[in-house]
Every structure is written in C-alpha cells, then in structure tokens.
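Shown next, in structure tokens, is the structure this report addresses.
The values are calculated or read from the model by the stated rules, or taken from the named source; none is laboratory data. Computed from a predicted structure; not experimentally measured. In this analysis, Cβ positions are derived from the backbone assuming ideal geometry, glycine residues included, and neighbour counts consider all displayed protein chains.
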Amino acid sequence: MDVRGARILVPGASGALGGALVGLLHGRGATVAVAGRDRAALDRLAAAHGGLPARQFDAYDLDACAGTVRWAAERLGGLDAVVVCVGVAAFGPADAVGDAVAEHLVTVNALAPIAFLRAALTVVPPGGVLAAVTGMVARTPVAGMADYSAAKAALSAWLSAVRRERRRSGVGVLEIRLPHLDTGFAGRAVAGRPGALPDGLPVERAVDAIVGALESGGRLVRSGDGGTLETVP
C-alpha cells in the first residue's frame, strides 16, 4: 500500500504509540482520522497536525468502535487502512486477578480491536490493510500476565484466521507483535505492578517498522536479532 494519499484510521491515537504513528503517517502524506479514549489528548494531536478528524470512543462500547470506522470512512471519503493501537496491561498471578479485571483486559485488548476490524472488513477495498498491535505475549505467554497474554493471543488468532479468509480479496491483514516499548505503558496498568522490565524499544523505531510493513504488504512485524524489528512478508 502506498501510504502517501492513503486514508487511514488510527484507533488508540491518544496513546504514545498511536500518537507517534499518526505523526509519521501524516508526515508521509497520509490522510488520517484519529480516535481514542482521551478527548483532550485527541484534540491536541488533531490540532498539531492541521486539524485531523477526531472522535472519542469507549472500548466497552463495541457498537461505538464499529461506528467509528463508518464515521472515518464518511469523513475521509473512504478508508484504505485501519491500524488499531488500543491496549491495556495488568500484572499479578492468575488467582489474584479478579474477573472484572480479566473482563476489562479481554474487552480492551481483543474485543474492541476485533470490533474495529470487523467493521473495516466491509469498508476497506482491495489493496488496503487491516492491522492491530498485539505483543510478544501473544506468542509467548508471560507468568504474572496470564489474562493479558490470553487476550492478546485471542486477537492474534483472529487476525490469522481473517488473513486466511481474505487471502484472495486483496486486503492485507497485518499483526504488529511488538516487544516492550519505551512508552510508559506498563506503568498505566489497570492492576498490579510490573517486575523488572528490560529497556524498552524506542517508540520511533516501532512506528517506522509499522509504516514499513504497511508499505511492503507484510503480514507480521516481530522482534528480530539484536533488538531490531523485522517484517515477515
């Protein structure tokens, strides 16, 4: 997909990763609509890039997630890609994480991204891309993060299945399986505190890899050798 001139919706744009991605896409000539939970952060982001269309949503309202896709398509005159950067973490042993926290993790990390992308299936044309951020835990679950790992694994499985369903349609499905990033994400967990974490990958490197994968038609962004990110065709 040629990013220049592409019409792209970024749910989760009020977070550090989503905001950085919006900045890079806008700088590369994409036409971007932004959506997120934090209205003030969205307004600042939209204003910083010339008045982007912006919409607030609640991840618990799955109809609103789907409706945001239709809103973006109307505002931009169509959609060529949706890149979902929504997510929240929690820490603690499985027997200490309550059902309410588990429900929250599954909703925000799996059901809401799926609602965005399910709606996008009816909007994004051949040559377009459906993408979502998962994480290394989707492949290698982490002790002390069982429910978070399970939610991300569910999203990863959904993306893989939809990729098979759409392989003849010309619509790409990209999983962005990122390592720990230097965004403060772990410090905003809804429950528990993280243990010792490795140095986070700079967010700039992550968004460079995401945009590169959109442009090259990759199906997976993942950790490579030496702390790099690689795109799997």
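Here LEU21 does not qualify as touching a His at 6+ places or on another chain (Cβ under 8 Å) and either at pLDDT 95 or above or not polar (S, T, N, Q) (or both). Please indicate, with yes or no, whether at least one residue in region 5-14 is touching a Pro at 6+ places or on another chain (Cβ under 8 Å), in contact (Cβ under 8 Å) with a residue 40 or more places away in the chain and crowded, with 20+ Cβ neighbours inside 10 Å. Yes, some residue in region 5-14 is touching a Pro at 6+ places or on another chain (Cβ under 8 Å), in contact (Cβ under 8 Å) with a residue 40 or more places away in the chain and crowded, with 20+ Cβ neighbours inside 10 Å. Among the residues of region 149-177, those identified as crowded, with 23+ Cβ neighbours inside 10 Å and aliphatic (A, V, I, L, M) are ALA151, LEU155, LEU159, VAL173, LEU174, ILE176.
Taking the stated definitions as given, is THR68 among the hydroxyl-bearing types (Ser, Thr, Tyr), outside any loop (DSSP other than H, G, I, E, B) and within 28 Å of MET145 (Cα to Cα)? Answer is no for this residue. Residues in region 189-233 that are surrounded by 15 or more Cβ atoms within 10 Å (Cβ to Cβ), in a loop (DSSP other than H, G, I, E, B) and either out of contact with any strand residue (DSSP E or B) (no Cβ under 9 Å at 6 or more places or on another chain) or at pLDDT 90 or above (or both): ALA189, VAL190, ALA191, GLY192, PRO194, GLY218, ARG219. Kindly provide the set of residues from region 157-172 that are part of a helix (DSSP H, G or I) and in contact (Cβ under 8 Å) with a residue 24 or more places away in the chain, ordered by number. If the condition is that a residue be part of a helix (DSSP H, G or I) and in contact (Cβ under 8 Å) with a residue 24 or more places away in the chain, then TRP158, LEU159, VAL162, ARG163 are the ones that fit.
Looking at ALA48, ALA102 in this structure, which one is free of Cβ contacts under 8 Å to residues at least 60 places away in the same chain, over 24 Å from ALA138 (Cα atoms) and out of contact with any strand residue (DSSP E or B) (no Cβ under 8 Å at 6 or more places or on another chain)? Exactly one of ALA48, ALA102 is free of Cβ contacts under 8 Å to residues at least 60 places away in the same chain, over 24 Å from ALA138 (Cα atoms) and out of contact with any strand residue (DSSP E or B) (no Cβ under 8 Å at 6 or more places or on another chain), namely ALA48.
Screening VAL137, VAL221 for residues that are in contact with a Leu (Cβ under 8 Å, 6 or more places away or on another chain) and β-branched (Val, Ile, Thr) leaves exactly one candidate, VAL221. Would you point out the residue of region 124-156, among those that are in a helix (DSSP H, G or I), of a type in the set (A, V, I, L, M) and over 15 Å from the mean Cα position of the chain (by Cα), that is nearest to ALA191 (Cα to Cα)? The qualifying residue nearest to ALA191 (Cα to Cα) is ALA146. Does ASP58 satisfy the criteria of being out of contact with any Phe, Trp or Tyr (no Cβ under 6 Å at 6 or more places or on another chain) and either surrounded by 24 or more Cβ atoms within 10 Å (Cβ to Cβ) or within 22 Å of ALA110 (Cα to Cα) (or both)? Here the answer is yes, as ASP58 does meet what is asked.
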